[in-house]
1. In a loop (DSSP other than H, G, I, E, B), more than 19 Å from ASN104 (Cα to Cα), charged (D, E, K, R) and within 16 Å of the ligand (Cβ to nearest atom), is that true of GLU216?
2. Pairs under 6 Å by beta carbon, first residue among the acidic types (Asp, Glu) in the range 224-252, partner part of a loop (DSSP other than H, G, I, E, B), six or more apart or different chains?
3. Looking only at the range 234-254, which residues are surrounded by fewer than 22 Cβ atoms within 10 Å (Cβ to Cβ) and within 16 Å of the ligand (Cβ to nearest atom)?
4. Among the residues of the range 24-53, which ones are free of Cβ contacts under 8 Å to residues at least 24 places away in the same chain and of a type in the set (Ser, Thr, Tyr)?
5. Against the definition (free of Cβ contacts under 8 Å to residues at least 24 places away in the same chain and within 18 Å of GLU224 (Cα to Cα)), how does SER157 come out, yes or no?
6. Only one of (1) away from the ligand (no atom under 16 Å from the Cβ); (2) within 17 Å of the chain's Cα centre (by Cα); (3) β-branched (Val, Ile, Thr) fails for THR190. Which number is that?
7. Right, ASP40: at positive phi, within 16 Å of the ligand (Cβ to nearest atom) and of a type outside the set (A, V, I, L, M, F, W, C) or not?
8. Which residues, counting only those in the range 257-279, are small (Gly, Ala, Ser) and within 16 Å of the ligand (Cβ to nearest atom)?
Amino acid sequence: MKKTIAVLFTLALSALLSANTASKEIKLSAELIITEIETDVYLVTHSFPWPGNSLIVKTGDRDILWIDTPYTPDAAQNVLAWINQTFGSDASVTEINTGFHIDNLGGNEALLKKEISVYGSDLTCELLKKKSPSTMAKMVEWLKDEKMTKYRNVYASFKFYPPNRVFNINKEQKIKCGDEEAIVYYPGPTHTYDNLVVYLPERKILFGGCMIVAAESNKPGFVEDGNLSAWVVSMDKLSARFKDCRIIIPGHGKAGDGSLIKHTREVVSAALLNSKTSN
Ligand SMILES: [Zn+2]
């Protein structure tokens, strides 16, 4: 009898646990998944075709901070619909772009259409004009496989929209959203010349974006728009500026703890050494 009760209890508990995990992952489509990583903090992963992260934080009764966007306006529109459904039709969204690549701001068009404030740096605007065509041409080339036609078609004729709230990249920003203030910090060139981070001091959450390499990865990714030796120095500046990060969100892959800055420094240093010995 005792055993039966124990088994029933275990079954009930595991049902509860799986229901709990299931409710924390919201699948808007096969390519677009939202995971609640803790209360009011949602990781949005868009795989188009490579998985890329943006982050949504509920910072007030009606206030939503969104850092970076999915790759496309369609996906951004789907997430906006989810925001309104989940937090109310009067939810007010503030967006921060952390770089000029499509995985940082490809969704801007959908946000600007809704008159959402989209913050981004002057250098992001400049690189968007100067470098986007060549960067996108490279991506189209990587997608030449027939299985990738859907993505290639979107990328081949992609139209970019710059942020509508532009600031000097060298001036640290404090952006108020709801009850919180987000710190926008530029440590210097990294994976691109314009990548920024966003820090939420009350939560000790750092959105590191594409300048942070996930724990499960040992490669710095696409580096042609960046600078490896400057990247190492920038990681030292970043760890000196934000000493007590509890959670760090990389641009690609799983969220991690404060050690992701050190991990990134190691990965980038190794890639730098490699590039020097192969030259
Ligand atoms: Zn990226």
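1. Taking the combined requirement at face value, the residue satisfies it.
2. So the pair list comes out as ASP225/THR192; ASP244/LYS204.
3. Once the filter is applied, which keeps residues that are surrounded by fewer than 22 Cβ atoms within 10 Å (Cβ to Cβ) and within 16 Å of the ligand (Cβ to nearest atom), the range 234-254 yields HIS252, GLY253, LYS254.
4. Listed by number, the residues that qualify are THR35, THR39, TYR42, THR45, SER47.
5. No; evaluated as a whole, the condition is false for this residue.
6. (1)
7. No; evaluated as a whole, the condition is false for this residue.
8. ALA271
The numbers here are math on the coordinates, done by the rules we state, and not lab data. Keep in mind the model is a prediction, meaning the values are calculated, not measured. Don't worry about glycine lacking a Cβ; one is built from the backbone with ideal geometry, like all the others, and counts go over all protein chains shown.
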